[in-house]
Amino acid sequence: MKMKEEKIINFMINDMPVKAKEGTSVLRAALDNGIYIPHFCYDKRLEVYGGCRLCLVDIKGGRKLVTSCTTAVQEGMEVYTETPKVISARKTVLELLLVHHPLDCPVCDKAGECQLQDLAFKYGASEGRFSAQRKKDPERLDAPVVQRNTNRCILCGKCVKVCYEHQGVGAIELIGRGFKTKVSPAFEETLNCEFCGQCIDACPVGALNSSYYRHVSRAWYLKDHDMPCPYCGCGCITTLSMRDGKIVRAKGVEGKGQNDGNLCSRGRYGFDFISSPQRLTKPLMRKDSLYSNNIVSSEGSTCNDNPFIETSWDEALDFIAKKMSQIASEHGHEKIGAIGSQRCTTEDNFMLQKFIKESIGSSNVDSAALFGYEKASRSFESVFGQRLRHISWDAPLSADFMLVVESDITSLLPVWGLKFLESKRKGSRLVVADAKKTKLSRHSSSWLRITPGSGTALINGMINVLIREELYNKSAAEDVAGFIELRSSLKEFTPDVAAKASGVTADEIVNLAREYASAKERIIAITACASENTKSSSLFVAAANMAMLMGDGPESLQVPAEHSNTLSMIASGVQAGVNGKNAYEMLYQSNTLRALYIVGEDPLVMMPDTTAVENNLKSLDFLVVQDIFMTDTAKMADVVLPAAAWAEKEGHFISATGNVQKLEKICSSPGEAKPDWEVFSMLIKKMDSRAGLMSFSDVSMEAQLKASSFMARLERSKGRPGFIPVELTIAEEPDSQYPFRLVTSTILQHSGSFSMLSKNLDAIASEPYIQINSADASRLSINPDAFIEISSRRGSAVAKAVVSDEVPEGTLFAPVHFSSARINALTYAAVDGRVPLAAVKITKI
Amino acid sequence: MESILKEVLLRYRSENGSVVSILQDTQSQLGYIPQEAITYFASELNIPESRFYGVATFYSQFCLKPRGKNIITACCGTACHVKGVDKVVNAVSRRLRLSDNDHTTSDGEFTLEKVACLGFCSIAPVVLINGEVFGKAAVEKVVKKIDSIARKDDER
């Protein structure tokens, strides 16, 4: 959408000339120009409320004081923020607030950074004229991570509005009236929400606090560091507060990073994974492999049933170098491979591929992104002739029509997901095609509940309508290669056929296509995550076909990179090249490899069809796993190396939006854990004594150069675009023996091994579960919370049943990352364009 | 109850922002607003439960607990207060054996409610019994009326 020219208004605040765009409030303009006007209820993310009456200002010529948050700037206006009249009014407001404030600052976590405290200090409202009447509500400490103390609440309502308006949840509300009003969930029940914690950052006083921070530190002893969050591709900046070398708190701060103060539950609460007692602290070697290599004699060590023994870095690396050289000379370099990590820094991944490519001489380096972002990127490239570019943070805001296909964006990239809600609030159309009820579907303009995995059929149906009704961009599309083929391949794929395949009505498809075509600025947003199994490469091809048919550029397809450093991992060279084997060949095809080096990835939990992976790992001669804790995969390794985690090492991340962000080392790593890049630097030297050890700055420079030249090539490279007709094929359709479809993904609080180590996130969601529709549950007489076993042709898992109509009949949903119920034992690994949905059955226990 | 709630929902489904109307309608049908009703409307309309609960607790017209068959409304506005409505309230409480905390008799026959002002200040103190106005309400008059309702109920 083209923004119309905005008029600039000139006016004065405290006799200082100030400029602001037309329509800006006096308060906003003042804050933007470094003039502080006290305020409690104002937040730039929210509709103005004007409830706290603290931002009163004097406007020359005005009869009375006005609230600056609700007053728009006007040409020539003269605003005064600290006149005796204003100060007196403000003092009265504060005096009234302090009538029932408990003044328990000595035990309040907020003391030292409390706006009420600061303002009472500033305006000296110490003695009130009113007799104090205190509230005596009990503190609510019953919910995970969020604590409420309603006695301290000044009823500014900001938390309520952030939760309802901005976050789209509405878990809390102002309950009651008058003196008794308090912020509470409905029926004063225990708070049960997303636990994003946005309300805590919004609270100007100490009424809402984080449980883990309760009585941990006085605010004035904290030292803050701004760091990119280690979780998803949003690349939010979290402000980490340190005390005695430990991170004690994370918060979002307005104006910092593109998240601009917003955080999700993973970003706000998940930082504590680094202090988990389960962290690896010493290099470990498997006893069996030591015996078989005659390094240690097996005598006298049978009393201990731990399969590993602790060792020194030197010994461990010598052993790895020796085994790698041996395997390379006996079986060939190409029998060695490596899996990189989307959570490790650019430097770490760069050094991994350097080690494999230069020291070992193999090109087999890839990652789990093959099942996620790489899948999308390559499909996209095949149509547009160029790889996927990074997403644009504000793309949802500039679009007037957003189509989200089978993507739970608010769970996978929660803060970017908020942009879709914001855009919808501002009047754009949001259409969600998803089998599962998600936050986006609840907030959508229209929700098409398609059959799981049938996104390709829906889009092909839309393309049929676009072509038949001549709604596409003829001049742009008809000259592109493959147009004739696309048209003829979808000629018979009428809305009726598409409706049958996707489970919605033909009319819905026709209307959607028309709406899509008539929009001025449209985007299609699809997530690409390795844990999701409803998407195949054909969906991305179909979406790219449709965008190109409309003459839209590549930016009209917004596909975010999944993890904190997915983009940069690929850019720094961890991706299967032309000669190299990809992750599928390495992990699923037998006899591809003899030795494998896995860094920061747990294929046995996070990748599909884990039985196949396990068999393949078992057949290896040598497996090295480098991680921050003993993952299921590490348990199979010959050598396990302890890695330093995020915040314990320097490095860089590239977010899904393409921002290069620096990581600082602010904590020491546990025991002898080392940064991954350093391990490879040592290994390279072990393999070739002539090589020197590299310093971090050398590594970083080389890695950055490689990553940035790759990113620059992405911008420039342009192959020949061409339509590619695709059709929907599903790997495994339900049948009489396996009658349910199993849909998998990660969830809001958990995205893999980091989140599983976090005590805070574990307090919110600690148990694996299987969602089942209420009709299915009652037909099979499955009670809520009963344990059920689900099994496919490949494996089975046991977890609690959650009866919920978020999933349609005939479909089960299960998060994959809980290693205690390995859902990926059931899933299907497909890289051939088939939707990797699995058919499963339920057995009651 | 489910069918009643469904009917209420049907009447307001098409309108936006009809939280108050839905609650009023529910209360007039059921006499109060049960928790299940709020849960039901919230999930059907995609409006958070907290919104309904917030509105229902803000307006004193809404009642979240079951009310008695007979409603006694005592006006506690300024004029009625000055004219000694307290005496009448105390007498009714004594007669119905209501404590400070409960407003409904244990047999579910009577509910005593206090409201701010009914607007009949000229005939203060005012008490309504099942909508019938008792102006210049004397203790005896009100208690007598309650007795007669109780007796009629017993006969039935």
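Taken over region A:436-530, lysine pairs spaced eight or more positions apart, or on distinct chains, with alpha carbons under 24 Å apart number 5. 3J(HN,Hα) along region A:48-56: 5, 10, x, x, 7, 6, 8, 8, 4 Hz, from the Karplus curve 6.51 cos²θ - 1.76 cosθ + 1.60 with θ = phi - 60°, whole Hz, x for Gly and Pro. Derived scalar couplings between HN and Hα for region A:20-33 equal 7, 5, 4, x, 6, 7, 4, 4, 4, 4, 5, 4, 5, 9 Hz in order, rounded to whole Hz, by the Karplus curve 6.51 cos²θ - 1.76 cosθ + 1.60 (θ = phi - 60°), x for Gly and Pro. Treating each Cα of region A:586-705 as an identical point scatterer and summing with the Debye formula, the log10 of I(q)/I(0) at q = 0.12, 0.17, 0.19 Å⁻¹ comes to -0.56, -1.01, -1.14. For region A:49-117, the fraction of C-alpha pairs more than 17 angstrom apart is 52%. Across peptide B:42-54, the average count of Cβ atoms from other chains found within 10 Å of a residue's Cβ is 6. In plain terms, the residue of B:Cys80, A:Cys41 with the fewest other Cβ atoms within 10 Å comes first and the most crowded comes last, giving A:Cys41, B:Cys80.
Each residue of region A:740-844 gets 101 Å³ once the volume of the Cα convex hull is shared out per residue. Mean per-residue shielding of peptide A:180-186 is 4, counting Cβ atoms of other chains within 10 Å of each Cβ. Assuming a ≥ b ≥ c are the square roots of the Cα gyration tensor eigenvalues, decide whether region A:19-176 counts as rounded (a/c under 1.5), prolate (otherwise, with a/b larger than b/c) or oblate. The shape class here is oblate. Computed from Cα atoms, the angle from the helix A:414-425 axis to the main principal axis of chain A rounds to 50 degrees. Between the helical axis of A:373-384 and the longest alpha-carbon principal axis of chain A there is an angle of about 90 degrees. Building the convex hull from the alpha-carbon atoms of region A:616-674 and averaging its projection over directions returns 5.5 nm². Under a straight-distance cross-link criterion of Cα-Cα below 16 Å, which aspartates and glutamates are reachable from B:Lys152, leaving out those fewer than 8 residues away in the same chain? Answer for B:Lys152, where 16 Å is the Cα cut-off: B:Asp107, B:Glu109, listed by chain and number.
The alpha carbon radius of gyration of region A:8-82, expressed as a multiple of 2.2 N^0.38 Å, is 0.98.
Remark: region A:469-618 is approximated by an ellipsoid whose semi-axes, taken from the C-alpha gyration tensor as √(5λ), come to 38, 18, 16 Å, largest first. For the protein assembly as shown, a crude dipole built from +1 on the beta carbon of Lys and Arg and -1 on the beta carbon of Asp and Glu, taken about the Cα centre, is about 2920 debye to the nearest 20. Scoring A:377-389, B:9-21, A:321-333 by mean Cβ neighbours within 10 Å over their residues and listing the highest first yields A:377-389, A:321-333, B:9-21.
From the Cα gyration tensor of region B:19-81, with a ≥ b ≥ c the square roots of its eigenvalues, which class applies: rounded if a/c is under 1.5, or else prolate if a/b is larger than b/c, or else oblate? The shape class here is prolate.
Amide H contacts for A:Leu812 (H built 1.01 Å from N in the peptide plane; partners 5 or more residues away or on another chain; cut-off under 5 Å): A:Arg741, A:Leu742, A:Val743. The fewest-to-most ranking of A:Phe696, A:Phe308 by surrounding Cβ atoms within 10 Å reads A:Phe696, A:Phe308.
The relative contact order of chain A, computed from alpha carbon pairs under 8 Å that lie at least 6 residues apart in sequence, is 13 percent. Ranking A:Val107, A:Ser445, A:Leu317 by Cα position along the charge dipole of the protein assembly as shown, where only Lys, Arg, Asp and Glu carry charges on their C-beta atoms, puts A:Val107 farthest toward the positive end.
The C-alpha atoms of chain A define a longest principal axis, and helix A:313-331 lies at about 40 degrees to it. Database remark: amide H of A:Gly651 closer than 5 angstrom to the amide H of A:Leu663 (H placed geometrically; neighbours at sequence offset of 5 or more, or on other chains; Pro and chain starts carry no H).
Per residue, the convex hull spanned by the Cα atoms of the protein assembly as shown amounts to 219 cubic angstrom. Within the protein assembly as shown, DSSP assigns beta bridges of which about 55% are antiparallel (rounded to the nearest 5).
Neighbour counts of C-beta atoms inside 10 Å place B:Asp100, A:Asp260 in the sequence B:Asp100, A:Asp260, starting with the fewest.
Working ranking of peptides B:122-135, A:453-466, A:747-760 by packing, defined as the average number of other Cβ atoms within 10 Å per residue, highest first, is A:453-466, A:747-760, B:122-135. For region B:115-132, the Karplus equation 6.51 cos²θ - 1.76 cosθ + 1.60, evaluated at θ = phi - 60°, returns couplings of 10, 6, 8, 8, x, 9, 4, 5, 10, 4, x, 10, 10, 9, 10, 6, x, 7 Hz by residue, with Gly and Pro reported as x.
Per-residue mean of foreign Cβ neighbours for A:156-164 is 1 (Cβ atoms of other chains, 10 Å radius). Size descriptors for region A:386-527: radius of gyration and Dmax over Cα atoms are 15.2, 41 Å. Per-residue ellipticity at 222 nm computed for chain A from its helices equals -8000 deg cm²/dmol, with DSSP H segments shorter than 4 residues left out and the rest contributing -39,500 (n - 2.57). For the listed peptides A:445-451, A:137-143, B:1-7, a ranking on the average number of other beta carbons within 10 Å per residue, highest first, reads A:445-451, A:137-143, B:1-7. For region B:40-78, list residues with backbone N below 16 Å from a point placed 7 Å from the Cα of B:Asn101 toward its Cβ? Residues passing the 16 Å test: B:65. D by Stokes-Einstein for region A:132-275, Kirkwood Rh over Cα pairs, 4 °C, 1.567 mPa s: 81 µm²/s. Using alpha carbons only, the radius of gyration of region B:70-155 set against its Kirkwood radius gives Rg/Rh = 0.95.
Bear in mind these aren't lab numbers, they're just calculated from the coordinates by the rules spelled out. What you are looking at is a predicted structure, and each value in this text was computed from that prediction instead of being measured. When we count neighbours, we look across all protein chains shown, and the Cβ atoms used for this are built from the backbone with ideal geometry, even at glycine.
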